[in-house]
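The values are calculated or read from the model by the stated rules, or taken from the named source; none is laboratory data. Because the structure is predicted, anything quoted here is derived from the model rather than measured. Positions of Cβ are backbone-derived with ideal geometry, glycine not excepted, and every protein chain shown enters the neighbour counts.
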Amino acid sequence: MHEHVFGQTFKYDGGTTRSITETVTVDAQETVKRNIPAGATTQFNITVDVSEMKTLNMGITKGNCTVKTNSSGSPVQTLTIKSPNPVMWSKNDIAANPLTTDLTALFVTNNGDEDAEFFFVAGVDSTPSAEG
């Protein structure tokens with residue numbers, strides 16, 4: 001079992017702050033963390049069933065990157081991620097999972113002028129509860 005903790009804070013001119021912390025427990029996690037040279041594309045072979053996903057955290061430490069799912073030439077999805085704003089999602093979000101198809105590979109291009117670390121963590125639960 002793994003715990004993935006999400007936190008969010010909002011503060012505005014009036015000084016009132018709203019902070020939310022959410023912990024999601026998952027059976028397993030698929031993790032990628034690797035340096036990608038500036039201008040390079042790196043393939044990560046990865047297997048994730050999106051129907052079993054409960055959490056997602058994907059991003060790059062500097063600049064921006066393009067992430068293509070399952071194919072570099074005819075991807076199912078193409079996402080652009082800009083540092084310092086990763087793609088973060090949990091099963092309790094109002095929005096749907098940003099990944100729409102089961103994953104077999106990620107093709108990540110570092111569009112920046114500097115080497116940067118790409119990270120991907122997907123939490124999965126192969127035996128979902130009744131709440132989904």
For Asp125: the one exception among (1) surrounded by fewer than 18 Cβ atoms within 10 Å (Cβ to Cβ); (2) acidic (Asp, Glu); (3) in contact (Cβ under 8 Å) with a residue 24 or more places away in the chain: (1)
Those residues of the stretch 6-22 which are exposed (fewer than 10 other Cβ atoms within 10 Å of the Cβ), of a type in the set (A, V, I, L, M, F, W, C) and within 22 Å of Val121 (Cα to Cα), in sequence order: Ile20
Condition met for Leu99 (of a type in the set (A, V, I, L, M, F, W, C), surrounded by 17 or more Cβ atoms within 10 Å (Cβ to Cβ) and not in a strand (DSSP E or B)): yes
Close pairs from the stretch 8-34: first more than 15 Å from Val48 (Cβ to Cβ), partner part of a loop (DSSP other than H, G, I, E, B), Cβ under 7 Å, at least 6 apart: Glu22/Asn92; Val24/Lys91; Thr25/Met1
When residues of the stretch 117-132 are limited to those that are of a type in the set (Gly, Ala, Ser) and part of a loop (DSSP other than H, G, I, E, B), the one modelled with the lowest pLDDT: Gly132
Condition check for Pro86: more than 16 Å from Phe120 (Cα to Cα), in contact with a strand residue (DSSP E or B) (Cβ under 9 Å, 6 or more places away or on another chain) and surrounded by 11 or more Cβ atoms within 10 Å (Cβ to Cβ): no
Residue in the stretch 55-66 that is surrounded by the most Cβ atoms within 10 Å (Cβ to Cβ), counting only those that are without any contact (Cβ under 8 Å) to a residue 60 or more places away in the chain and among the β-branched types (Val, Ile, Thr): Ile60
Tally of residues being surrounded by 19 or more Cβ atoms within 10 Å (Cβ to Cβ) and either out of contact with any Ser or Thr (no Cβ under 9 Å at 6 or more places or on another chain) or of a type in the set (A, V, I, L, M) (or both) across the stretch 102-120: 4
Total residues in the stretch 23-34, condition loosely packed, with under 12 Cβ neighbours inside 10 Å and more than 30 Å from Phe107 (Cβ to Cβ): 1
Any hit, the stretch 35-54, residues being in a loop (DSSP other than H, G, I, E, B), surrounded by 16 or more Cβ atoms within 10 Å (Cβ to Cβ) and more than 12 Å from the chain's Cα centre (by Cα): no
Condition broken by Val76, with the remaining ones in (1) crowded, with 17+ Cβ neighbours inside 10 Å; (2) outside any strand (DSSP E or B) satisfied: (1)
Per-region count, the stretch 31-49, residues over 20 Å from Asp102 (Cβ atoms) and out of contact with any Leu (no Cβ under 9 Å at 6 or more places or on another chain): 9
